[in-house]
Amino acid sequence: MKLLCLSADDLHSALPMDVAVRVVKQAFAAFSSGRAEAPPRTTLSIPERSATTLVMPCYLPDYGLGTKVVSVFPQNRGGLTPVVQGLVVLLDPETGEPMALVDGTALTAWRTGAASGAATDLLSLEHATEAAVIGAGAEARTQVIALDSVRSLDTSWSYARTADRVRALSENLQPHVSATLVAAESAVEAVRDVAIVCTATSSTTPVLDGSLLAAGTHVNAIGSFTTEMCEIDARTIERAHVFVDSVAAAVTEAGDLLAAESVGVTQRHDWTELGRVVTGTAPGREGDEITLFKSVGLAVQDIAVAGEAVARARAAGLGMEVQA
């Protein structure tokens with residue numbers, strides 16, 4: 001069989017962030033409309049490494065059929081090997097034959113950024129000019145790119161516990177975005193008076209103080225994806241209109257929301273899937289309320305982005321074809 005292999009550079013060339021945002025919106029709409037086959041992901045724990053491997057299959061009409069295998073090894077942080085690594089295998093939906101391989105490390109970060117871009121475009125104030133990103137890993141990088149693609153930002157603040165990583169992130173990204181990137185001295189400084197906030201950490205304790213958020217702020221919380229992780233505090237959730245990628249996934253994986261629900265400040269029947277906002281079956285922002293998009297990540301994002309990237313790469317002559 002012949003496989004088209006896409007590297008990170010191929011992915012980014014084939015699928016600019018603004019296109020990825022559009023594709024992810026369509027994927028969320030398909031998911032919430034029941035037009036996708038995406039069973040709950042399988043989670044495999046590696047206790048001695050405090051790590052997790054996830055297997056995420058999906059069939060999404062119009063985009064493709066495939067599976068992503070992704071690992072999260074926090075102990076890799078600071079070394080040469082990424083914390084998040086993965087591979088996406090696309091299959092021919094007519095025959096089941098493997099047809100493409102996509103760098104899952106790059107794709108995970110790109111589609112996660114695109115999800116926040118979609119939520120920000122749908123839910124944030126249209127004239128927002130300042131944003132803040134807490135975290136300095138690969139996902140934080142794509143958050144900045146995504147926000148810059150959907151809003152005309154003047155300034156994007158960044159904060160993480162390691163100042164050197166924030167400076168490196170800003171220096172690397174500045175040529176690629178229109179917003180001026182500024183390193184904040186604290187999370188408090190970063191989120192003060194901004195209209196858009198993203199948290200992209202694997203923290204088990206909140207990194208955001210919800211009492212600091214101004215009316216009309218939109219928050220994307222994309223880092224935590226297990227019941228033990230909790231990067232958003234109950235005060236943020238209490239003040240916010242909560243949107244999720246999937247209610248079913250949130251009730252089993254969104255530690256932030258489950259912790260807040262356990263103390264009575266939110267209820268799962270009040271959470272709105274973003275796909276319903278895309279289709280117009282549920283309202284989005286209705287005034288100057290705080291909005292929160294809590295994402296744990298769905299296979300429909302991966303297959304939609306991978307499928308579109310592979311189609312565009314073939315048309316542009318990108319990637320490398322190998323005989324398996």
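Laboratory data are not the source of any read-out in this text; all were calculated from the coordinates shown. Every value quoted in this text rests on a predicted model; they were computed, and no experiment measured them. Cβ: placed from backbone, ideal geometry, glycine included. Neighbour counts: every protein chain shown.
Quick notes on this structure:
- Net charge of neighbours whose Cβ lies under 9 Å from the Cβ of VAL88, counting Lys and Arg as +1 and Asp and Glu as -1: -1
- Positive contributions from Lys and Arg (+1) and negative ones from Asp and Glu (-1), summed over other residues with Cβ under 13 Å from the Cβ of LEU107, come out at -4.
- A straight Cα-to-Cα reach below 15 Å connects LYS2 with the aspartates and glutamates ASP92, GLU97, GLU321, residues fewer than 8 places away in its own chain not being considered.
- Note, ³J(HN,Hα) from phi for segment 63-71, Karplus 6.51, -1.76, 1.60, rounded to Hz, x at Gly and Pro: 10, x, 10, x, 9, 10, 10, 9, 10
- Environment charge of ILE237, counting only residues whose C-beta is closer than 15 Å and scoring Lys/Arg +1, Asp/Glu -1: -4
- For peptides 299-307, 31-39, sequence by mean Cβ density within 10 Å, most packed first: 299-307, 31-39
- Fewest-first ranking of CYS58, CYS198, CYS5, CYS230, using other Cβ atoms within 10 Å as the exposure measure: CYS5, CYS230, CYS58, CYS198
- Dividing the radius of gyration of the alpha carbons in segment 125-297 by their Kirkwood radius gives 0.95 for Rg/Rh.
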